[in-house]
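Single-structure report; data block below.
The values are calculated or read from the model by the stated rules, or taken from the named source; none is laboratory data. Here the structure is a predicted model, which is why all the values come from computation and not from measurement. Heads up, the Cβs are rebuilt from the backbone with ideal geometry, glycines too, and the neighbour counts pull from every protein chain shown. These accessible areas exclude ligands, DNA and RNA; they are computed on the full protein's heavy atoms, side chains included. Shrake-Rupley method; radii C 1.70, N 1.55, O 1.52, S 1.80 Å.
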Amino acid sequence: MSGDNTDSSKSFSTVGNTASQAMGYVKSAIGGLTGNQETKESGDSQYYAAKGEADQHKKEQEREKKINDLKNDPKTQAGQGVIQTATGTVKNVAGGLLGDEKMAESGRQSKNEGQARFDDNAAKIQKEQAKEQAQQT
């Protein structure tokens, strides 16, 4: 259904939640108009429970977006490249010292991949910085 949003932790229905909020609001209004306190409180409870669930879902979506933005940020990726390069270098040296050519080759490959990852993202960072400086002048 197009009104349903699904994340990894649970399913959330925007349409169902909105309907639950509306039903709670109407129930509360009817209770208020008729003087039936139990109906009013039940409606209030339903409305605020649904509203709280919607607010929580929105916060979870915002948090997931921030995490994804950080993971995909060129600075983060460049940093990961540096770590991968260092790890590959250590593995390469250790393989050489131990006479383990397979380990050394794996280390060289990891080092090269990390360096490429760093270089690609460093170039992106430089482009972003040049763009920002051009906009400031």
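Per-structure values
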| quantity | calculated |
| --- | --- |
| For the chain, with +1 on Lys and Arg beta carbons and -1 on Asp and Glu, the positive-most of F118, G43, I67 along the dipole | F118 |
| Q135 versus Q37: modelled label distance in nm, points set 7 Å from Cα along the beta carbon direction | 5.8 nm |
| Centroid-to-centroid separation of region 14-39 and region 97-137 [C-alpha atoms, Å] | 58 Å |
| Nearest-10 value in Å² for the accessible area of R63, using the 1.4 Å probe | 130 Å² |
| Descending semi-axes in whole angstrom, ellipsoid equivalent of the chain, from the Cα gyration tensor | 56, 21, 10 |
| Helix-only mean residue ellipticity at 222 nm for the chain, each DSSP H run of n ≥ 4 adding -39500 (n - 2.57), per residue, nearest 500 | -31000 deg cm²/dmol |
| The chain: angle of helix 14-34 to the longest principal axis, Cα-based, in degrees nearest 10 | 30 degrees |
| Spatially proximal lysines relative to K59 (Cα-Cα < 21 Å; intrachain offsets below 8 disregarded) | K10, K51, K71 |
| Charge dipole magnitude, Cβ of K and R +1, D and E -1 - region 56-137, Cα centre, debye nearest 20 | 260 debye |
| Lysine pairs within region 87-135, Cα separation less than 29 Å, 8 or more sequence positions apart or different chains | 6 |
| Total charge dipole magnitude, the chain, about the Cα centre, Cβ charges on Lys, Arg, Asp, Glu only, Debye to nearest 20 | 260 debye |
| Rounded to 10°, Cα long-axis angle of helix 74-98 versus longest principal axis of the chain | 40 degrees |
